[in-house]
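Encoded as structure tokens, the structure appears first; notes follow it.
Any read-out appearing in this document is the output of simple, stated calculations on the displayed coordinates, not a laboratory observation. Quantities reported herein were computed from a predicted structural model and do not represent experimental measurements. As a convention, Cβ positions derive from the backbone with ideal geometry for all residues, glycine included, and neighbour counts pool all protein chains shown.
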Amino acid sequence: MVKVEKPLSKNMELVAWHDLNGQPGFQMALQVVGGRYYLYVTTYYHQGWQILDVTDLNHIQCRHLDDPRGKSGTVHPKIQIADGIMITASGQRVRFLPMDGVDYDDYDAGIGIWDVKTDPMNPKLLGFWENGGGEGIDGVNTHRNFYAGGRYVYTTSSCPGFLNNIFRIIDIKDPAHPKEVGRWFLKEQWLDGMDHVEWDTKKIVPGSLCPYPGYKHYHLHMPQVKDGYAYLAYCGYGLIILDVKDPTRPKYVGGLRIDPPFSDFISCHTALPMSGYNKDYLILTQEMGGTKRQAQFAGIVDISDKTHPTLVSLFPPYSVPEDAPFKNYVEKGGRPGLHNFHQPQGQPHYEDRPDRQYLTCFNGGIRVYDTSDVFNLREIAYYIPKDPEQDLWPIPKMMNDGQVISRCEDVLVDDRGMIYMTDSNGGLSVLRCLV
């Protein structure tokens with residue numbers, strides 16, 4: 001490991017920082033109510049959420065929101081906000097992140113539906129959809145769900161009778177009584193459909209490869225929905241496009257397989273439709289699993305013909321600063337590789353520029369890319385935070401080498417150009433791009 005004693009940056013500056021009450025930040029969501037900016041931050045380890053008023057970045061206000069359902073084995077790592085409604089993902093605490101006093105079998109799994117418009121700093125739980133169980137990628141859960149307003153929440157969820165997370169559509173018109181109205185899955189995930197295999201769910205270890213010969217490890221990592229089409233980042237396969245104009249009957253339209261050759265536990269992490277071009281494009285990425293490497297897939301796909309999506313370009317590898325005390329990000333230590341792109345999702349308070357994309361890279365900080373020419377993608381800015389003095393959560397050795405090191409997770413950009421980045425060991429950084 002090579003410790004980074006001071007931030008490394010190019011064309012970016014730090015505007016503000018917050019310690020998130022000593023909790024490791026993960027996914028974020030933002031809303032604007034009455035001219036004030038509210039940021040909601042999840043964690044993969046502690047219960048509850050941090051709510052920050054970031055209107056005045058010189059005087060950030062923060063409070064912790066507890067889970068009113070109060071089950072010690074529940075975690076809430078994912079979040080979505082639109083139309084004054086907050087959707088929180090709930091699931092079983094993963095056992096490789098130990099915490100004293102936790103009953104791992106006492107948990108909720110599903111989505112919480114909250115009113116965050118009436119009192120943004122004090123959300124009110126309106127209802128909860130329970131997913132019923134199943135065998136998810138990290139136990140029984142929902143994960144990186146999608147909600148951009150309206151009646152339907154598009155989830156990646158475990159499900160009884162299925163192996164790993166599948167696509168489930170939830171109607172929240174009556175938030176006190178949400179209900180599933182549609183689902184889609186790969187046939188290899190349907191346990192009852194494998195009548196020639198003697199399934200033993202005790203052999204299915206959450207997060208593991210499928211233990212049955214001839215069956216691949218498939219799971220839906222995240223959906224994105226735009227203009228009646230769902231774009232699924234499906235691990236073990238790649239991009240899958242569905243017609244969801246009738247949410248009760250999702251229909252397969254087309255796909256682009258990237259696994260193989262880009263095989264890994266999270267071989268397809270993000271499928272993100274882009275806006276502002278004269279053609280339909282989508283960002284497609286993967287996330288590194290347990291194998292140390294820098295080579296990962298991140299590219300732009302032409303989805304003008306949704307029956308035959310086509311890869312048209314690749315993002316260049318994220319650069320090593322000339323003044324860095326390490327030669328590459330494997331040598332730096334911790335977890336290298338790509339994680340999250342900024343996802344506007346049609347929300348007016350998020351920046352949505354066709355010429356610019358923002359990407360977090362775990363131990364490589366945050367990167368800004370010029371995407372004005374989709375055939376010539378260029379890195380134009382970066383910010384790598386200094387490494388912290390102590391761990392905020394017991395990251396397993398397989399994920400961070402047991403080292404105290406920065407681990408950049410999520411990124412959001414608001415309509416003021418403020419860039420929010422969570423670091424699971426280093427709080428919340430608010431940045432500005434100078435180009």
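What to note about this one:
- Length added when fully stretched, M121-N11, from 0.36 nm per residue minus Cα-Cα: 36.3 nm
- Proximity of backbone amide H atoms, modeled 1.01 Å from N, is registered between T55 and Y37 at under 5 Å, excluding neighbours fewer than 5 places apart on the same chain.
- For the stretch 33-164, fraction of C-alpha pairs farther apart than 23 Å, in %: 33
- Kirkwood-type hydrodynamic radius, the stretch 1-91: 14.9 Å, calculated from all non-identical alpha-carbon pairs.
- In Å, descending, principal axis extents of the Cα set of the stretch 332-435: 39, 28, 24
- Global geometry of the stretch 279-392, whether rounded, prolate or oblate, following the gyration tensor of its Cα atoms and the 1.5 cut on a/c: prolate
- At an R0 of 35 angstrom, the distance between the Cβ atoms of Q390 and H349 translates into a FRET efficiency of 0.55.
- Ranked by the mean number of other Cβ atoms within 10 Å of their residues, highest first, the peptides 372-379, 177-184, 278-285, 155-162 come out as 155-162, 278-285, 177-184, 372-379.
- Scoring 410-419, 82-91 by mean Cβ neighbours within 10 Å over their residues and listing the highest first yields 82-91, 410-419.
- Cα pair distances in the stretch 41-110, grouped into 10 Å bins until the bin that holds the longest one, percent each: 19, 47, 24, 10, 0
- In angstrom, the C-alpha Rg and Dmax of the chain are 20.3, 63.
- Karplus-derived HN-Hα couplings along the stretch 8-17 (A = 6.51, B = -1.76, C = 1.60, θ = phi - 60°), whole Hz, x at Gly and Pro: 10, 8, 9, 6, 9, 9, 7, 9, 7, 8
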